[in-house]
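Enquirer: First the structure, which I've put down as structure tokens, then a few questions once you've had a look.
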Amino acid sequence: MFADYSMSELGAIFAMQGFAGLILFSVFVLMALGLAIIFGQMGVINMAHGEFMILGAYMTYLTSTLFEAYLPGLFSIYFFIAMIVAFFASGLLGLFVEWSMIRHLYKRPLDTLLATWGLSLILQQVYRSVFGAREVGVSIPDWMMGSLPLTDLVEIPINGIFVMVLAVAISLAVYYLMFRSSWGLQVRAISQNRVMADAVGINTAWTDRLTFGIGCGVAGVAGSAFTMIGSTGPTAGQLYIVDTFLVVVFGGAGSLLGTIASAFSISQAQSIMEFFLSGSMAKVLTLLVVVGILMIRPQGLFSLKLRK
Amino acid sequence: MLDHNPNFVLSVEGLTVSFDGFKAVDDLSFYVEPNECRVIIGPNGAGKTTVLDLICGRTRATSGSVNFKGNELLTMREDQIVHAGVGRKFQTPSVYEDLTVFENLELSYPHGYSVFGALTFRRNDTVKLRIQEIAETIFLDTLLEEKAAYLSHGQKQWLEIGMLLIQDPELLMLDEPVAGMSVAERRKTAELLNKIITDRSVIVIEHDMGFVADIATRVTVLHQGKTLSEGSMERVQSDPKVIEVYLGH
Amino acid sequence: MSIASNRLFTRQDIIGFAVLAAVVFIVLPLTLDSFRLNLFGKYLTYAFVAVGLVLCWGAGGILSLGQGVFFGLGGYCMAMFLKLEASTPENTAIQSTPGIPDFMDWNQLTALPWWWEPFNTLTFALLAVVAVPVMFAFIIGVAMFRRRVGGVYFAIITQAFAAILTILIIGQQGFTGGVNGITDLRTLQGWDIRTDAAKETLYYVNGVLLFSCLLIAQFVRKSKLGRLLIAMRDQEDRVRFSGYDVASFKIFIFCLGAAFAGIGGAMFTLQVGFMSPTLVGIVPSIEMVIFCAVGGRLSIIGAVYGALLVNWAKTSLSESFPELWLFGLGGLFIAVVMLFPNGLAGLYADHVAPRIDRLLSRKSADVGPADDTARAAAE
Ligand SMILES: Nc1ncnc2c1ncn2[C@@H]1O[C@H](COP(=O)(O)OP(=O)(O)O)[C@@H](O)[C@H]1O
Ligand SMILES: [Mg+2]
């Protein structure tokens, strides 16, 4: 199959394919970060995670429409405002959901899973009623369009680079929050020994709520970033669920580094296989390999050895 | 050293487990004779529970050997270890709260272990009689129909002991059986234990010194995963090392 | 459950089975036209899955979010047989390769794939309806339960399987019929399954099979294995250290649930006339869990009512108010978890069963006191 291409063409194909893999990697990281916080630190399965991302995407859409209509002069920077709006919209909804639902179910993880699935159905219908069933796309500012020519043959799209930069920035922010802030310290303390954390005066209830809220907020920012590379529909969130959960579980719940490493290996595996196989078979094989490895190593790539 | 010394029921040799570099049990050796009641004492975090976990297969050892009547337990699955004749009571009472006392005991009745066996298990008179007998021993014969969830803490501890007794193990391991009990319950439990430890080997973890003196054949003092002292109660109690790290406060 | 009455059926069980039998075999056929009856027959095929979930999830605490996989596998095995029977060379004379299913011809296949061949025989297909799902469940079960993967991890991984199988079926349309599934099924050994009379017969066959599965489930629940499942759900370690190989019990119950689901899937294919990936994926799989939860996760009879009610509500609501339906279903998930964790069966056991018991005890007071309690009915 390589015979038809010249060397430089082959090089270009691999470079582009590698780059496509990197974009997929960024997407996975963005999707998984919020979940890694919520599932990794609290053990809560949030099946509505995708819908929190979609909320961020719709908020970005709204912001872009508003800027277009009322502040066209500032349109080139609307996206940064939109991310903040997305973070707070999804985060506040997260706080509310934790308060009204999740906190009653901490001892029943499987029930949390079902209840949040119900929530995801409701949110989908809300999006459909408010924004319509059709997919919406945001207008991308001029500077983000087009691509950067690296060589004659290799071009990389600017919005792709932007998503990658965002993924790095948000990972750093989450890392900082988890390992340098007092909230992060409390979260980690609770995840290791809840009773003890309670006893030494950590407000576990409030920390849980904040953790859930921040995880949802990060999901919102991820959704915001996705509008730069694709359009948004009411049920788009469901498409992400399996990938996102597998990335987090495969990385080893509770390990941020594991989440990133797993996002990297899964995305690279998938994009490399996509070169040789049809898209759907590449996906099937990637998922099967991940599930297969999880069966051999249920604790994931990176894990802490905790007492049962 | 011989593979298996028939004078001992249980030979633990060089037993070590390390959790991410922390050695909770460190090159531990001890031997239990038939009909012996061995009490393990030691400060919190000394590794007592972990030793029992290692013997019954709940935690996998890093190195060493645990020989029970000629079987190497470290390579066996938990249920196989039970079938070999080792019974284990947990530190916190673990009984099936949604089932009745009778059903709790029935599930421990040593019969019908396979899937097929469990499907075809019949509650015949032999089973009922045996459960009745055990229930009397553990003071719960009037509560057979009660859900285990409604028992007191002490009664749950007894129930768990009964669930082990019904299997008639050759080696019985009890982790803090009187912890959290009232004085009256403690006395009754001592009476119960004295009754059941006569014709089998027993390993008990306990803090209550009066209680220990009452039942122990030999005592092992554990400290930071290692044996600090071993011997009769009097010998251990007068050992200056033991007084310093454990009894002295 | 009292010591003396470890019988297969308590009085409440008998009432439950009898009422359900009356509903399925008498009330529904008498009150519904043949179109609606066929619709309810379809709902009842989901009940097979829900009953399996009562055993796995309600009793054993193993939540599978991939039951659609087994439903689909059973359904596809049946559909493959029916499709081959419908694809005679005469029926498919206009194709470039006559004698193979139409979708294969559209996808430029020129011969029947080897693994389709055995599905020319009905016996093989019927065996496969149960054996294929059970085999898959066995492999997944051994891999997961031997390694002590459970709880939410198990749920997520079974969900991943539902996603994988859907993508695979859609992607390999030459072999599977793709997103449309296997359609245009006509006859079963010459018997036209599309007529009203045939559909009515199939409804009764479905009912009988469902009751057979219910009886098996009842037997398992009342055996020691049933009590072991409950014990494992609450204190897995204690069961293990009482000498049981916990994994083998989980594998067994998971395979049994898969077998039920496979039969349900095959009956779906027969009654509805097609099988497609829309019944396999993440969404149908998790909806099957809600049928079970609404009926009461601890009650096999409740699971049947759950499947009937939720689907009936879905059909009626999504016909007239499609927007309302998703709100309703979403709300149902939340409500059943937060407000009625024991579903309809729980409400029945709390409010109806004691009255029936009181009524019956009064009548039989001179014969002897009733030994069955309402609590037994809830189990
Ligand atoms: N699975 C495990 N992972 C990490 N540390 C463990 C594990 N099991 C036990 N430990 C540690 O080993 C030490 C001994 O614990 P334990 O045997 O429970 O002590 P004891 O029963 O004597 O109070 C403790 O410091 C405990 O934290
Ligand atoms: Mg201890």
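Enquirer: Ignoring everything except DSSP H segments at least 4 long, calculate the 222 nm mean residue ellipticity for chain C; use -39,500 (n - 2.57) per segment, divide by total residues, nearest 500.
Expert: -21500 deg cm²/dmol
Enquirer: Hey, what number do you get for chain B at 222 nm if only DSSP H runs of n ≥ 4 count, each worth -39500 (n - 2.57), divided across all residues, to the nearest 500?
Expert: Taken over chain B, the calculation gives -9500 deg cm²/dmol.
Enquirer: For the protein assembly as shown, with only Lys/Arg (+1) and Asp/Glu (-1) charged at the beta-carbon, what is the dipole magnitude about the Cα centre, in debye rounded to 20? Show your work: numbers first, answer last.
Expert: Working: 64 positive and 74 negative charges, 229 e Å.
Roughly 1100 debye, rounded to the nearest 20.
Enquirer: Additional query: Extending each Cα 7 Å along its Cβ direction at A:Ser6 and B:Ser182, get the distance between those two points in nm, one decimal.
Expert: About 9.4 nm separates the two model spin labels.
Enquirer: I've got another one for you. Using alpha carbons only, how many angstrom separate the centre of the range A:139-165 from the centre of the range C:115-134?
Expert: For the range A:139-165 versus the range C:115-134, the Cα centre distance is 52 Å.
Enquirer: Under the Karplus relation 6.51 cos²θ - 1.76 cosθ + 1.60, θ = phi - 60°, what is the ordered set of whole-Hz ³J(HN,Hα) values for the range C:146-159, x standing for Gly and Pro?
Expert: 4, 8, 6, 8, x, x, 5, 5, 4, 4, 5, 6, 5, 5
Enquirer: Next up: Once you put a point 7 Å from the Cα of C:Trp191 and another 7 Å from the Cα of C:Val23, both along the Cβ direction, what distance in nm separates them?
Expert: 2.7
Enquirer: Taking 23 Å as the cut-off for C-alpha to C-alpha distance, list the pairs among C:Lys42/C:Lys314; A:Lys107/B:Lys188; B:Lys23/C:Lys250 that go past it. Each step should come with its number before you reach the end.
Expert: Details: C:Lys42/C:Lys314 13 Å; A:Lys107/B:Lys188 35 Å; B:Lys23/C:Lys250 34 Å.
Long pairs (Cα-Cα over 23 Å): A:Lys107/B:Lys188; B:Lys23/C:Lys250.
Enquirer: Projecting each Cα onto the charge dipole of chain B (Lys/Arg +1, Asp/Glu -1 at the beta carbon, about the Cα centre), which of B:Leu54, B:Leu99, B:Leu193 comes out farthest on the positive side?
Expert: Of the options given, the answer is B:Leu54.
Enquirer: Would you kindly state how much longer the chain becomes between A:Met144 and A:Ser181 on full extension, computed as 0.36 nm times their sequence separation minus their alpha carbon distance, in nm to one decimal?
Expert: Details: separation 37, 0.36 × 37 = 13.32 nm, distance 3.31 nm.
Gain in length upon complete extension: 10.0 nm.
Enquirer: Moving on. Among DSSP beta bridges whose residues both lie in the protein assembly as shown, state the antiparallel percentage, nearest 5.
Expert: 60
Enquirer: Hey, another quick one. Using alpha carbons only, how many angstrom separate the centre of the range B:81-109 from the centre of the range B:131-162?
Expert: About 11 Å separates the Cα centre of the range B:81-109 from the one of the range B:131-162.
Enquirer: How many angstrom lie between the C-alpha centres of the range B:1-77 and the range B:204-249?
Expert: If we compute the Cα centre of each part, the gap is 18 Å.
Enquirer: How big is chain A by Rg and Dmax over its Cα atoms, in Å?
Expert: Cα only, chain A: 20.1, 69 Å (Rg, Dmax).
Enquirer: Over the alpha carbons of chain C, what is the largest minus smallest coordinate on each principal axis, giving the biggest first in Å?
Expert: That gives 77, 51, 42 Å along the principal axes, largest extent first.
Enquirer: Rounded to the nearest 0.05, what FRET efficiency do A:Val289 and C:Gln108 give with R0 = 35 Å and r taken as the Cβ-Cβ distance? Could you check? List each step's numbers first, then the result.
Expert: Numbers: r = 29 Å, r/R0 = 0.84.
Efficiency, rounded to the nearest 0.05: 0.75.
Enquirer: Could you pull out every one of the lysines with an alpha carbon less than 22 Å from that of B:Lys195, ignoring same-chain neighbours closer than 8 positions?
Expert: B:Lys89, B:Lys128, B:Lys156
Enquirer: To continue, here is another question. Express in nm, to one decimal, how much length is gained between B:Glu33 and B:Lys195 on full extension, taking 0.36 nm for each residue of separation and deducting their alpha carbon distance.
Expert: The B:Glu33-B:Lys195 span can extend by a further 56.5 nm.
Enquirer: Grab the beta carbon distance between C:Ser320 and C:Gln95, set R0 = 30 Å, and tell me the FRET efficiency rounded to 0.05. List each step's numbers first, then the result.
Expert: Details: r = 42 Å, r/R0 = 1.39.
Working from the Cβ atoms, E equals 0.10.
Enquirer: Placing +1 on the Cβ of each Lys and Arg and -1 on the Cβ of each Asp and Glu in the protein assembly as shown, which of A:Ser265, A:Pro109, C:Leu65 has its Cα farthest towards the positive end of the resulting dipole?
Expert: Of A:Ser265, A:Pro109, C:Leu65, it is A:Pro109.
Enquirer: Can you compute the modelled spin-label distance between B:Asn71 and B:Asp125, with each label point 7 Å from Cα toward Cβ, in nm?
Expert: 3.3
Enquirer: Evaluate E = 1/(1 + (r/R0)^6) for C:Phe124 and C:Ala313, where r is the Cβ-Cβ distance and R0 equals 41 Å; express this FRET efficiency to the nearest 0.05.
Expert: The value I calculate is 0.60.
Since every read-out is calculated from the coordinates, none of them should be taken as a lab result. Note that the structure is a prediction, hence the values are computed from the model and not measured. Every residue, glycine among them, receives a Cβ derived from its backbone with ideal geometry; neighbour counts consider all protein chains shown.
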